[in-house]
1. Hey, rough spin-label estimate for A:E15 and A:K110, points 7 angstrom out along Cα→Cβ, what's it come to in nanometres?
2. Measure up A:K100/B:K55; B:K14/B:K41; B:K20/B:K55 against 19 Å on the Cα-Cα distance and list the ones that go over.
3. Just want to confirm a number: the relative contact order over chain B, from Cα pairs under 8 angstrom separated by 6+ residues, in percent.
4. With an 8 Å Cα cut-off and a minimum separation of 6 or more residues, compute the relative contact order for chain A in percent.
5. Rounded to whole Å and sorted largest first, what semi-axes of the equivalent ellipsoid does the C-alpha gyration tensor of the protein assembly as shown yield via the square root of 5 times each eigenvalue?
6. Taking every pair of distinct Cα atoms and averaging 1/r, then inverting, what Kirkwood hydrodynamic radius in Å comes out for chain A?
7. Would you compute, for the Cα atoms of region B:9-118, the largest minus smallest coordinate along each principal axis and list the three values in descending order, in whole Å?
8. Counting Lys and Arg as +1 and Asp and Glu as -1, what is the net charge of the other residues whose Cβ lies under 14 Å from the Cβ of B:T49?
Amino acid sequence: GNSVTQMEGPVTLSEEAFLTINCTYTATGYPSLFWYVQYPGEGLQLLLKATKADDKGSNKGFEATYRKETTSFHLEKGSVQVSDSAVYFCALILTGGGNKLTFGTGTQLKVEL
Amino acid sequence: GAVVSQHPSRVICKSGTSVKIECRSLDFQATTMFWYRQFPKQSLMLMATSNEGSKATYEQGVEKDKFLINHASLTLSTLTVTSAHPEDSSFYICSARGSDRGLLYEQYFGPGTRLTVT
């Protein structure tokens, strides 16, 4: 089956620190990969996506590269801000597989001054 | 573009009553809508997939008679929690997938509805 594994949180960083949140996946086909962000009390927002190997998704200073050889899609940001504090979900979708999103368990990020 | 709204954002109801949650795609037509449930500090659990004009497909373990889903139009799906109990208290999130080619595989999420059953 399909699954997404994320590093457990919470991750606590100081402002301007470098962020990496690891994400690996298993899939029976060729998935598209996503990072979603959930701010406290809100729904999910799409942060970035990549649809094929070696694609790099980027948005708001966040980046993730689709690595087929390591089945990974790690999220990175060079300098985090307090406003980045949220829960981050890695997810995949297989076209033709009912188009259902499979989510990781989420990683909470706390950024402190 | 691609905005999804949910109403209400928060609801408190008494045990035994029913609650309806609406999910609307505001600026696109959604042939498919998804309903998720999220427990505190946990990931989203897909409850059901609804396609406009047809019956919803429920995930294993989800009681279809308890969680009634109606996708009456291309912009509206409703989830009714019938005879709610405290264990149904949760954060319910919907998402919508567009029928336009450019939106075909992306899901756009609503802001969620916090249900508390007392």
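1. 1.7 nm
2. Working: A:K100/B:K55 17 Å; B:K14/B:K41 25 Å; B:K20/B:K55 17 Å.
Where the Cα-Cα span goes over 19 Å, the pairs concerned are B:K14/B:K41.
3. Relative contact order comes out at 36 percent.
4. Numbers: 294 pairs, mean separation 41.2, N = 113.
In percent, rounded to a whole number, it is 36.
5. That gives 30, 21, 16 Å for the three semi-axes.
6. Over chain A, the inverse of the mean reciprocal pair distance is 14.0 Å.
7. Projected onto its principal axes, the Cα set of region B:9-118 covers 43, 28, 26 Å.
8. Summing Lys/Arg as +1 and Asp/Glu as -1 gives +3.
None of the figures in this text is laboratory data; all of them are computed from the coordinates on show. The structure displayed is predicted, hence computed values, not measured ones. Cβ atoms come from the backbone with ideal geometry, glycine included; neighbour counts cover every protein chain shown.
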